[in-house]
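The values are calculated or read from the model by the stated rules, or taken from the named source; none is laboratory data. Computed from a prediction, not measured in an experiment: that's the story for all the values here. Positions of Cβ are generated from backbone atoms using ideal geometry, with glycine treated the same way; all protein chains shown enter the neighbour counts.
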Amino acid sequence: MAQKASKFCQHCGAEIDKDAEICPKCGVRVKEAPINVERKSTGIAAVLSFFFVGLGQIYNGQIGKGIAFIVIGIIFILTMFVLIGLILYPLFWIYNIYDAYNTAKKINAGIIKPD
């Protein structure tokens with residue numbers, strides 16, 4: 001005789017079918033609803049940031065962070081006239097590309113949610 005597979009409701013403890021989405025006794029959802037997360041291309045995020053500081057962050061849905069990166073990039077470009085920008089801008093530009101790539105990777109893994 002085949003035994004019906006079952007599990008227990010985490011809310012009320014009632015025995016329910018293992019494929020049930022909602023507990024028939026208490027009405028609480030016991031099966032997670034699938035979440036459709038828009039995937040971000042790590043390559044596109046990195047390339048956008050390569051060509052213009054902050055665009056990769058904006059592509060990833062982090063508008064505020066992207067605008068902040070653009071403003072910081074402009075400040076570093078303006079400071080090139082006093083030489084400090086010659087050091088800071090390339091470092092910031094590389095970090096910008098890394099951040100856009102890494103953020104897209106984390107969004108795809110579900111670690112962070114796009115804003």
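Would you tally the residues in the stretch 31-59 being at pLDDT 75 or above, over 17 Å from the mean Cα position of the chain (by Cα) and in a loop (DSSP other than H, G, I, E, B)?
2
Please specify each residue of the stretch 39-74 satisfying the condition of being surrounded by fewer than 22 Cβ atoms within 10 Å (Cβ to Cβ) and at positive phi.
GLY61
Going through the stretch 71-97 one residue at a time, which ones are within 20 Å of the chain's Cα centre (by Cα) and in contact (Cβ under 8 Å) with a residue 12 or more places away in the chain?
The answer is ASN96, ILE97.
Restricting to the stretch 17-30, what's the tally of residues that are modelled with pLDDT of 80 or more and either surrounded by 13 or more Cβ atoms within 10 Å (Cβ to Cβ) or assigned to a strand (DSSP E or B) (or both)?
Residues in the stretch 17-30 being modelled with pLDDT of 80 or more and either surrounded by 13 or more Cβ atoms within 10 Å (Cβ to Cβ) or assigned to a strand (DSSP E or B) (or both): 5 in total.
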